[in-house]
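The values are calculated or read from the model by the stated rules, or taken from the named source; none is laboratory data. None of the values given here were measured: they were computed from a predicted structure. Cβ atoms come from the backbone with ideal geometry, glycine included; neighbour counts cover every protein chain shown. Accessible surface areas use protein heavy atoms only, side chains included; no ligands, DNA or RNA. Shrake-Rupley method; radii C 1.70, N 1.55, O 1.52, S 1.80 Å.
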Amino acid sequence: MNVYEIRGAFGLDNLVRAERPDPTPGPFQVRVRVKATSLNSRDLMMVEGRYNPRQKLPLVPNSDGAGVVDAVGPGVTRVKPGDRVMTLFAQAWQSGGPTKGAAATTLGGPLDGALSDTMLLHEDGVVLTPRYLTDVEAATLPCAAVTAWSALVTQGHLQAGDTVLLQGTGGVSLFALQIALMHGAHVIITSSRDDKLERALKLGAHEGINYTTTPDWEKAARTLTGGVGVDHVVEVGGAGTFERSLKAVRVGGTVSLIGVLSGGAGAVSLVPILMQNLRVQGVFVGHRQSFEALTRAFALHDVHPVVDRVFPFTEARAAFEHLKSGAHFGKVVIQVG
């Protein structure tokens with residue numbers, strides 16, 4: 001089997017191609033021939049050593065994968081050879097609240113991930129791919145789409161008529177846009193570029209705010225809601241944007257903390273959270289039940305992921321560099337098989 005490993009030390013210079021023995025599935029295991037893998041900010045941070053500097057190496061990165069089951073071990077009942085499947089981010093998280101044990105079974109660190117042409121997984125760690133999606137499209141769902149679904153639906157209890165504020169036009173934000181529209185919500189989205197805002201508006205967003213030309217975007221969001229504030233903020237920026245998110249949300253509203261693109265440490269006043277009865281929820285992707293609910297809803301509404309660009313397996317590093325540049329709109333995918 002062909003893989004990419006972070007070998008010796010962290011950094012894109014140490015992301016190297018390697019060969020490993022082809023695995024044989026044991027009891028309750030399935031072997032998946034990977035067709036595509038998509039990139040998340042977490043994957044880039046893992047490669048660069050910013051996510052977990054103590055992660056043991058070598059490591060095959062990437063949490064998201066889609067492919068075809070080509071062999072199963074004894075006792076497998078969930079899938080059969082020939083089934084198209086996607087990876088589950090936390091392999092042991094089937095339902096309910098997260099646990100420390102489940103968090104130790106995440107793909108792309110600490111477990112080997114999907115930047116490989118072959119994976120050996122537990123049958124509980126794969127989810128059937130909706131028939132209408134290509135493998136490239138399916139490879140974008142396991143982290144970004146499930147995270148957006150968990151934030152707005154599983155944990156966020158989104159209602160028709162709610163106003164949702166989304167930050168940027170990366171994978172999570174664009175999936176959140178599609179999910180919010182599916183539920184009849186009003187969507188405000190931010191970006192540093194007008195051309196990206198125009199594309200988001202064409203996808204159905206109701207208003208766009210350029211946070212470069214309008215640095216006080218939280219005030220603009222409140223103005224768009226008649227001074228009330230939005231019902232829900234999908235917060236992907238982290239320390240650099242969190243305080244503004246608290247100012248953008250209405251009394252009793254929700255901020256879903258998902259990403260730390262601008263940093264994970266900062267001083268934030270707790271007074272607004274207390275005095276305005278705000279709900280701040282951390283979102284660690286999601287469990288199998290959420291993933292399966294998402295796939296049913298997407299199939300019903302014929303939702304197709306927004307794919308920015310597809311790179312061949314031989315150009316994996318270029319895919320990471322493209323993600324790092326921030327030029328992408330939607331998901332960056334590597335075609336494996």
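Order these peptides, 279-288, 82-91, by their mean beta-carbon neighbour count within 10 angstrom, highest first.
Ranking the peptides 279-288, 82-91 by packing returns 82-91, 279-288.
Under the rule a/c < 1.5 gives rounded, and otherwise a/b versus b/c splits prolate from oblate, where does the range 167-225 land using the Cα gyration tensor?
oblate
What is the sum of charges around Val68, taking Lys and Arg as +1, Asp and Glu as -1, for the other residues whose C-beta is under 9 Å from the C-beta of Val68?
0
Please report, to one decimal in angstroms, the Kirkwood hydrodynamic radius of the range 121-260 built from all distinct Cα-Cα pairs.
By the Kirkwood definition, the hydrodynamic radius is 15.4 Å.
What translational diffusion coefficient, to the nearest whole µm²/s, does the range 188-337 have by Stokes-Einstein, given a Kirkwood radius computed over alpha-carbon pairs, a temperature of 37 °C and 0.692 mPa s viscosity?
Result for D is 187 µm²/s.
Take the alpha carbon gyration tensor of the range 47-119, find the square roots of its eigenvalues, order them as a ≥ b ≥ c, and report rounded if a/c is under 1.5; if not, report prolate when a/b exceeds b/c, else oblate.
oblate
Could you rank the peptides 46-58, 105-117 by their average count of other C-beta atoms within 10 Å per residue, with the highest value first?
105-117, 46-58
Please give the charge dipole size of the range 221-311, origin at the Cα centre, charges +1 on K and R Cβ atoms and -1 on D and E Cβ atoms. Round to the nearest 20 debye.
About 160 debye.
How far apart, in nm, are two points set 7 Å out from the Cα along the Cα-to-Cβ line at Asp194 and at Thr24?
Result: 6.4 nm between the two label points.
Averaging over every viewing direction, what projected area does the convex hull of the Cα atoms of the range 15-138 cover, in nm²?
Hull-based average projected area comes out at 8.0 nm².
Place +1 on the Cβ of every Lys and Arg and -1 on the Cβ of every Asp and Glu in the chain, take the dipole about the Cα centre, and give the residue among Thr254, Leu177, Ala114 whose Cα lies farthest towards its positive end.
Highest projection toward the positive end goes to Thr254.
For the peptides 130-141, 289-300, what is the packing order when you average, over each peptide's residues, the other Cβ atoms within 10 Å and list the highest mean first?
So the order, starting with the most tightly packed, is 130-141, 289-300.
Which residue, Asn210, Asn40, Asn277, has the most motion in a Gaussian network model of the chain that connects Cα atoms within less than 10 Å?
Highest fluctuation among the options: Asn277.
Would you please calculate the Kirkwood hydrodynamic radius of the chain over all C-alpha pairs and express it in Å, rounded to one decimal?
Its Kirkwood hydrodynamic radius stands at 20.2 Å.
Label-point separation (nm) for Lys324 and His206, each offset 7 Å from Cα along Cα-to-Cβ?
Using points 7 Å along Cα→Cβ, the separation is 4.0 nm.
Where in the chain are the DSSP H helices whose alpha-carbon span along the long axis reaches 15 Å or more and whose Kyte-Doolittle mean is at least -0.5?
The qualifying helices are 171-182, 288-301.
Using the Cα atoms as the points, what is the convex hull volume per residue of the range 12-68 in Å³?
With only Cα atoms used, the range 12-68 gives 120 Å³ per residue.
At a 1.4 Å probe radius, carbon and sulfur cover how many percent of the accessible area of the chain?
54
Relative to the Cα centre, what is the charge dipole magnitude of the range 108-203, using +1 at the beta carbon of each Lys and Arg, -1 at the beta carbon of each Asp and Glu, and rounding to the nearest 20 debye?
So the dipole magnitude of the range 108-203 works out to roughly 380 debye.
Counting helices only, and only those DSSP H runs with n ≥ 4, report the 222 nm mean residue ellipticity of the chain as the sum of -39,500 (n - 2.57) divided by its residues, in deg cm²/dmol to the nearest 500.
Computed mean residue ellipticity for the chain: -6500 deg cm²/dmol.
How fast does the range 279-337 diffuse by Stokes-Einstein, in µm²/s, taking the Kirkwood radius from C-alpha pairs at 20 °C and 1.002 mPa s?
154
Considering only Val271, Val79, Val307, give the residue with the highest GNM mean-square fluctuation for the chain, with springs between Cα atoms whenever their separation is below 10 Å.
In this elastic network of the chain, the residue with the biggest mean-square fluctuation among Val271, Val79, Val307 is Val271.
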